[in-house]
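Trainee: Quick one: the structure is below, questions incoming.
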Amino acid sequence: MMKPLLLRARGERNSRSLTTYLRFGGYGAVKKALIMDARDVIKEIKASGLRGRSGAGVPTGLKWGCVPKASGKPKYLICNADESEPGTFKDREIIRVDPHLLLEGMIIAAYAIDAHKAYIYIRGEFFHEAQMLEHAIGEAYRKKYLGKNILRTGFDLDIYVHRGAGAQICSEETALIESIEGRRGQPRLKPPFPAMAGLFGCPTIVNNVETLACLPHILENGADWFASIGTQESTGTKLFSVSGHVESPGVYEVPLGTTFREIIEDHCGGIPNGRELKAFIPGGSSAPVLTAAEIDTPACFDAVAKAGSTLGSGGLIVMDETVDMVWVLENLLEFYAHESCGQCTPCREGSAWALNILRRIRCNQGCPEDLETLCRIADFACRGMTICPLGDAFCEPIRSFLDRFGGEFRAAVTSGNPPRVVKAPILPTRRDQSMFAKPGTESC
């Protein structure tokens, strides 16, 4: 078992302090990067094969290379710490354990794209984590790792912490940018992409916490070293947030390509109470569900895609044989119906409609036609029908649950009573919830 990289300071006393970080060789990669040509830094990241650790797995160096070199506008770097997808809590662990690792990665990334201002957009509920980052930033300024003329190299960088208001939609990069600019967090149409016109209309790169935390290790040890970990197409280590029916839930760091069986059984202690595995979601709540028969799938981008799901954010949700899959899907849809920003009709209406169908099925008021309707909603509200991927985020679970566990859904609609209504009522949004409040309970 290899030593952890991103979680190397876990268990250390005062792991968040600059003193502890320097004892691990901290900011050595910055010293190396700042004497390199910025183009060589990008080449090193490309050669490492590092892919984004939050969703689609876009190659990081390729993404940086899209920033125009001479646009005449300032460039910005944003760290996406709005970790809001159910089942995902790995980025918060990095901030809690080793915030200076994130800051060093941000300095490297900012230098590579020639950005002199950077923002950490952190989820509003992460109050203590925001304080930890503010403290670490203060330490870095005092030791001249941030600010003017960093390490006397002539490179300037200021980092700001920006707290969001707890909207899941702001984990999408353009909605996040809208929020920083002071507007409601709603996704923008693309193109233009943020690398061309992002924050304040300027070239902007948005990377998540785990991606940026990999950079110091790559610069310190070399691209070939990083590429030797994991698989040819999925290099390096990956953090997995494991929750659900395992003996030891938590955040685990393993090389990409490790099988889900090894993660669940060897690292997490297996399924408790002698029960059997029924299903698992490999990459956060928006990833299609996989069955127990697919437990030997390697945890890497290509293998998981071949199995019919996505590695996504690495939120591994484990379910044993006692779980009612109809209830799980209802639970997921309740989240996405609530978090839809309402900008796109297929997402706003489709997620609410699907949720109401699941609620009726769970109340023994469903009918076989409901399953066909769910499939039609899933076909209509995704694959480019919405501005951002939230449409796909609620549709993919519908498809995968009906495909892999269709028997449970068919049993649920045939064993219940005939529906009392033909058309499901529209789910009230957050703006009109008061219409349905009991008399005397309205909020002012």
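Trainee: Inside segment 337-371, can you point out the residues that are among the polar types (S, T, N, Q), in a loop (DSSP other than H, G, I, E, B) and either over 20 Å from residue 171 (Cα atoms) or not assigned by TED's automatic domain parsing to the domain that holds residue 396 (or both)? Talk me through it step by step, then tell me what you get.
Mentor: Step one: of segment 337-371, the residues among the polar types (S, T, N, Q) are 340, 343, 345, 351, 356, 364-365.
Narrowing further to those that are in a loop (DSSP other than H, G, I, E, B): 340, 343, 364-365.
Listed by number, the residues that qualify are 364, 365.
Trainee: If you don't mind, another one. Would a scan of segment 139-159 turn up a residue that is in the same structural domain as residue 101 (by TED's automatic domain parsing), surrounded by 14 or more Cβ atoms within 10 Å (Cβ to Cβ), touching a residue at least 60 places away in the same chain (Cβ under 8 Å) and within 20 Å of residue 82 (Cβ to Cβ)?
Mentor: Checking segment 139-159: not a single residue is in the same structural domain as residue 101 (by TED's automatic domain parsing), surrounded by 14 or more Cβ atoms within 10 Å (Cβ to Cβ), touching a residue at least 60 places away in the same chain (Cβ under 8 Å) and within 20 Å of residue 82 (Cβ to Cβ).
Trainee: What number goes with the only condition from (1) modelled with pLDDT of 95 or more; (2) in contact with an Asp or Glu (Cβ under 9 Å, 6 or more places away or on another chain) that residue 356 does not pass?
Mentor: (2)
Trainee: Contact list please: Cβ distance under 6 Å, first residue in segment 179-194 and assigned by TED's automatic domain parsing to the domain that holds residue 342 and within 22 Å of residue 165 (Cα to Cα), second residue modelled with pLDDT under 95 and crowded, with 19+ Cβ neighbours inside 10 Å, pairs at least six apart or on different chains.
Mentor: none
Trainee: Right, next: I need every pair where a residue in segment 217-233 that is without any contact (Cβ under 8 Å) to a residue 12 or more places away in the chain has its Cβ under 9 Å from the Cβ of a residue that is surrounded by 17 or more Cβ atoms within 10 Å (Cβ to Cβ) and assigned to a strand (DSSP E or B), sequence separation at least 6 or different chains.
Mentor: If the second residue must be surrounded by 17 or more Cβ atoms within 10 Å (Cβ to Cβ) and assigned to a strand (DSSP E or B), the pairs left are 228/235.
Trainee: Being touching a helix residue (DSSP H, G or I) at 6+ places or on another chain (Cβ under 6 Å) and in a loop (DSSP other than H, G, I, E, B): is that true of residue 188 here?
Mentor: Working: touching a helix residue (DSSP H, G or I) at 6+ places or on another chain (Cβ under 6 Å): yes; in a loop (DSSP other than H, G, I, E, B): yes.
The answer is yes for residue 188.
Trainee: Kindly indicate which of 312, 283 is free of Cβ contacts under 8 Å to residues at least 60 places away in the same chain and either under 17 Å from the mean Cα position of the chain (by Cα) or buried (at least 17 other Cβ atoms within 10 Å of the Cβ) (or both).
Mentor: Working: 312 fails: free of Cβ contacts under 8 Å to residues at least 60 places away in the same chain.
Result: 283 is the single residue among 312, 283 that is free of Cβ contacts under 8 Å to residues at least 60 places away in the same chain and either under 17 Å from the mean Cα position of the chain (by Cα) or buried (at least 17 other Cβ atoms within 10 Å of the Cβ) (or both).
Trainee: Just a yes or no: is a residue in segment 343-350 surrounded by fewer than 20 Cβ atoms within 10 Å (Cβ to Cβ) and among the polar types (S, T, N, Q)?
Mentor: Yes: one or more hits.
Trainee: Name the residue, out of 237, 204, that is of a type in the set (Ser, Thr, Tyr) and either within 17 Å of the chain's Cα centre (by Cα) or over 30 Å from residue 142 (Cα atoms) (or both). Before you say what the answer is, go through the steps one by one.
Mentor: Working: 204 fails: either within 17 Å of the chain's Cα centre (by Cα) or over 30 Å from residue 142 (Cα atoms) (or both).
Of the residues listed, the single one that is of a type in the set (Ser, Thr, Tyr) and either within 17 Å of the chain's Cα centre (by Cα) or over 30 Å from residue 142 (Cα atoms) (or both) is 237.
Trainee: Could you list, ordered by first residue, the pairs with Cβ atoms under 7 Å in which the first is in segment 74-101 and part of a strand (DSSP E or B) and the second is among the polar types (S, T, N, Q), at least 6 apart or interchain?
Mentor: Between residues of segment 74-101 that are part of a strand (DSSP E or B) and residues that are among the polar types (S, T, N, Q), the close pairs are 76/204; 78/204; 79/207; 80/54; 80/171; 80/207; 80/208.
The values are calculated or read from the model by the stated rules, or taken from the named source; none is laboratory data. The model shown is predicted, which means the values in this text are computed figures rather than measured ones. Note that each Cβ is placed from the backbone with ideal geometry, even for glycine, and that neighbours are counted across all protein chains shown.
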